[in-house]
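One structure is given here, and the rest of the page talks about it.
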Amino acid sequence: MSILDTIIHKRDGKQNSRTELEQLVSGAVRGDVPHYQVSAWLMAAFLNGLTPEETGVLTDVMIRSGRSLDLSGLPGPLIDKHSTGGVGDKVSLILAPMVAACGVQVPMMSGRGLGHTGGTLDKLESIAGYSTELDEDRFRQIIQDCGFAMTGQSSDVVPADRLLYALRDVTGTVESIPLITASILSKKFAEGAEALVFDVKCGAGAFMKTFEQAQALAESLRESCRALGRPVVTCITRMESPLGYAIGNAFEVEESVTCLRGDGPADLMDVTIRLGAWMLVAGGVASTVEEGVSRCVQAIENGDALDRFVRNVNAQGGNGQRALEPVDRAPVREVLKADRDGYVQGLNAYAFGRAAGALGAGRMQAEDSVLPDVGIILARKPGDSVHSGETVAELYARDPARVADAMAWLADAVQIDDEDAAGDLPMILEEVAQLKD
Ligand code: URA
């Protein structure tokens, strides 16, 4: 069977066999299958879907494309959380040290920016010297010392996701439930966590735009975890407007520090604390989510979470104290202004994500590097009142042409109405726990 036949089968809506998927994935990782054939298969899979069985096989062959980490011997509990991707989503940077301060160890394997969404690895690497390329011994040692460590796919751990993720990012093949499921679970099963908490984003800035789509993705993740015997919690969370005020790599690190100091915005902290609380429940450290919430709040208030963050930055090659300082902003500044009086009803997170990408915070081609000091700082959030001509957001770029592109994305991104109907919408839309008794 040739790779061309594998692509044709998927193009024609047929099911790919295990042998076909193994040949495709292992050939791609070895470099024997060219990127254009992998991309063609990704588009066929995007358009025609994969059955649950194919999704399970794809996940399995992706895990087997490299080594799985062996974290046995760490005292644990070892629990991780993963987001399906959002805008301004810096939850992992706050949550990992917070949960570690409560006694749960977090072996976190994250991704880079994908589509219009930002990536945890890109954000962390905006900290000078911070390395997300850790070998297994170093990963284990940092978890032991700080309670959490942050790494990415590598040439020997889920290399298949590293490749497919980068190709999906630039071929318009991200928003697919089976491809997202296989991508996330291959990382999560290779990293050695005992239980998983998923933040399934839902809304304009998510890959799943409707609640029904988000439920289908959550069910797909739970189903695969059930089949592989891994306890799991799925939380569907609102992603209509950007989370917090900052969008862009270094800007999001700066806002994470603000959150760890106890001054975080309500929407971001609601999501972070709720997910953290579920991690404590999944790890047996809290017996109820309410108890988990109060322990997470305490870890922020008493400074333990911030202390863990500083220790982790030092351990992963950065300077922890310097990471607490305000970050540099690129020199070209433009202001997005309100075009009428009223209340902000919505800030379209997809448009803001695309605008941040246009400023240089994301990639247009696989080989692009992202810029740390560009992005957007919101001056208003949904529910806030605003007068015509007042600032809704500040944009920072290294060159004016990029600002023009970003402003084009934002032309219709801000919705202002006479009445405030946006205030206090719940951030957590659904929670389903599938944990062992
Ligand atoms: N996060 C991932 O790791 N992969 C996806 O496909 C989407 C979000």
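Every number in this text was worked out from the coordinates using simple rules, so none of it is lab data. What you see is a predicted model; the values in this text were computed from it and never measured. Here the Cβ positions follow ideal geometry from the backbone for every residue, glycine too, while neighbour counts run over all protein chains shown.
What the phi angles of the range 62-78 give under the Karplus curve with 6.51, -1.76 and 1.60, with θ = phi - 60°, is a coupling list of 5, 4, 6, 5, x, 8, 9, 6, 10, 9, 4, x, 6, x, x, x, 9 Hz, glycine and proline written as x. For q = 0.08, 0.12 Å⁻¹, what log10 I(q)/I(0) does the chain give under the Debye formula with an equal point scatterer on each alpha carbon and no solvent? For the chain at q = 0.08, 0.12 Å⁻¹, log10 I(q)/I(0) is -0.42, -0.98.
Dividing the Cα radius of gyration of the range 13-79 by its Kirkwood radius returns 1.10 for Rg/Rh.
Using a cutoff of 8 angstrom between alpha carbon atoms and counting only pairs six or more residues apart, the relative contact order for the range 78-166 works out to 29 percent.
For His35, His387, His82, what ranking results if the residue with the fewest other Cβ atoms within 10 Å of its Cβ goes first?
Values: His35 16, His387 10, His82 25.
Lowest to highest Cβ neighbour count: His387, His35, His82.
The label-point distance for Asp412 and Ser155, in a model that sets each label 7 Å from Cα toward Cβ, rounds to 4.7 nm. Close amide H contacts of Ser83 (hydrogens built in the peptide plane, cut-off under 5 Å, sequence separation of 5 or more or a different chain): Asp199.
Charged neighbours of Pro382, selected by a Cβ distance under 12 Å, balance to -3 (K, R count +1; D, E count -1). Under 5 Å from the amide H of Gly346 lie the amide H atoms of Gln415, each residue being 5 or more positions distant or on a separate chain, with H modelled from the backbone and absent for Pro and chain starts.
The gain in end-to-end length when the Ala433 to His35 segment is fully stretched comes to 139.4 nm, 0.36 nm per residue minus the alpha carbon separation.
Among Ser72, Ser65, which comes first, second and so on when ranked by fewest other beta-carbon atoms within 10 Å?
Ranked by crowding around the Cβ, least crowded first: Ser72, Ser65.
Backbone phi angles across the range 45-61, fed through the Karplus curve with coefficients 6.51, -1.76 and 1.60 (θ = phi - 60°), yield HN-Hα couplings of 5, 4, 6, 9, x, 10, 6, x, 5, 4, 4, x, 5, 4, 4, 4, 5 Hz in residue order; Gly and Pro are listed as x. Note on the chain: Lys pairs 8 or more places apart or on different chains, Cα atoms under 12 Å apart, count 4.
Spin-label pair Asp12-Leu425: with each label point 7 Å from Cα along the Cα-Cβ axis, the two points sit 4.5 nm from one another. Determine, for Ser388, Ser39, the number of other Cβ atoms within 10 Å of each Cβ, and report the residues in order from fewest to most. By the 10 Å Cβ count, ascending, the order reads Ser388, Ser39.
Among Ile184, Ile273, Ile416, the largest mean-square fluctuation in a Gaussian network model of the chain, built with springs joining Cα atoms closer than 10 Å, belongs to Ile416.
DSSP beta bridges fully contained in the chain are about 55 percent antiparallel. For Met208, nonlocal amide neighbours, meaning residues 5 or more places apart or on other chains whose placed amide H falls under 5 Å from its own, are Gly203.
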